[in-house]
1. With a cut-off of 20 Å, note down the residues of region 227-254 whose backbone N falls inside the zone around a label point 7 Å from the Cα of GLN219 toward its beta carbon.
2. How long are the three semi-axes of the equivalent ellipsoid of region 154-223, in whole Å, if each is the root of 5 times an eigenvalue of the C-alpha gyration tensor, listed from largest down?
3. Report, to one decimal in Å, the Kirkwood hydrodynamic radius for region 109-171 based on all distinct Cα pairs.
4. Cβ under 14 Å from LEU276's Cβ, LEU276 left aside: what net charge do those residues give with Lys, Arg +1 and Asp, Glu -1?
5. Each label point is 7 Å from the Cα along the Cα-to-Cβ direction; what then is the distance between the points at GLU113 and ARG175, in nm?
6. Run the quick spin-label model on ASP210 and ASP13: label points 7 Å from Cα toward the beta carbon, then report their separation in nm to one decimal.
7. Once the Cα gyration tensor of region 8-95 is diagonalised, what are the square roots of 5 times its eigenvalues, in whole Å and ordered largest first, as equivalent ellipsoid semi-axes?
8. Would you kindly calculate the mean projected area, averaged across all directions, of the convex hull enclosing the Cα atoms of region 1-58, in square nanometres?
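Computed from the coordinates by the stated procedures, all read-outs in this text should not be read as laboratory data. Quick caveat: nothing in here was measured; it's all calculated off a predicted structure. Every residue, glycine as well, gets a Cβ built from its backbone with ideal geometry; the counts of neighbours run over all protein chains shown.
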Amino acid sequence: MSSSTAGLQLAADAAIDLHLHTTLSDGSWTLEDLLDHLRQEGFGLGAVTDHDRADTAAVIQEQAQTRTLPLLTGVEMTSAARGEMVDLLCYGFSPGENPLTTLARDLLDRQKENTREVYENLSRQGYTFPGGSLEHLLDQPGLVQALGQLDLLLEQNSINSRAEAEELLTKAGYRYEANPPEAVVEAAHRSGAVCLLAHPGRGNGYLEFDSSLLDEFRQQAPIDGLEAHYPLHSPSQRDMYLEYAGRHDLLVSAGSDSHRPGKPPIKYQAGLCQKLLAALGIQLTVPDKNA
């Protein structure tokens, strides 16, 4: 686990947010601005979980330590099941080379191959792009590459709508690369991390889980827990996930999924995630009301 959180003691009512994104993947927060915001707003703990960027953990930890801000090492890994997207949150791995960074690097390589294939297919069809645009796309995080191609199509060609541009990308062979969930869980565990299912009730292009689907999924990928506290979950969804986690002895996390200052981090109480934090070596304390 990260040296910045090993042995940490945290008040049970301390503000935490364990699901945050920066420009290192698809967010518009710079890392510096996000960490400054967490510090200024009095967060006791955070986790930057940029998509498939386990390789940035050391840089993130260095920036957090200069601000004396406790920060879990984290990453949100892209996977899929039943033909729909499934994201997995991994916490507590050591910065540096590990199975998670290897898995993420392989995913990026595959996404780059697809980006190049789509770009060349569109170019052969007569669509035009500025010089150097392919190299620029390939330098972007994997999740951003499709959005960049979409913007280039709209900016440089006579296309009537974003929907039309998306259809062109699909016909040119675009694939959103993902890893099997069981491979992510295995890599997380081999890296010393815990692995939780992100936003299980989000829907909107992501597989939406009920109890029976969670049972099925856990047979395939033995996750350690669920992100029960999430802003797009209804109260009934949250309660269902909390009940399921309690019944199956699973960890619970809480995160805003903040990507930009317009939707800032949420101050969840650390006590909501007591079991997860304990698994990561963080002890919660309760103030003595009689003191």
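1. 244-245, 247-250
2. Numbers: eigenvalues 238, 51, 21 Å².
Working through the eigenvalues yields semi-axes of 34, 16, 10 Å.
3. Details: mean 1/r = 0.0858 Å⁻¹.
About 11.6 Å for region 109-171.
4. Values: positive: LYS275; negative: ASP17, ASP224, GLU227, ASP249.
Value of the local net charge: -3.
5. According to this spin-label approximation, the distance is 0.8 nm.
6. Taking the two extended label points, one gets 3.9 nm.
7. Working: eigenvalues 106, 42, 30 Å².
With the √(5λ) rule applied to region 8-95, the semi-axes are 23, 14, 12 Å.
8. 4.3
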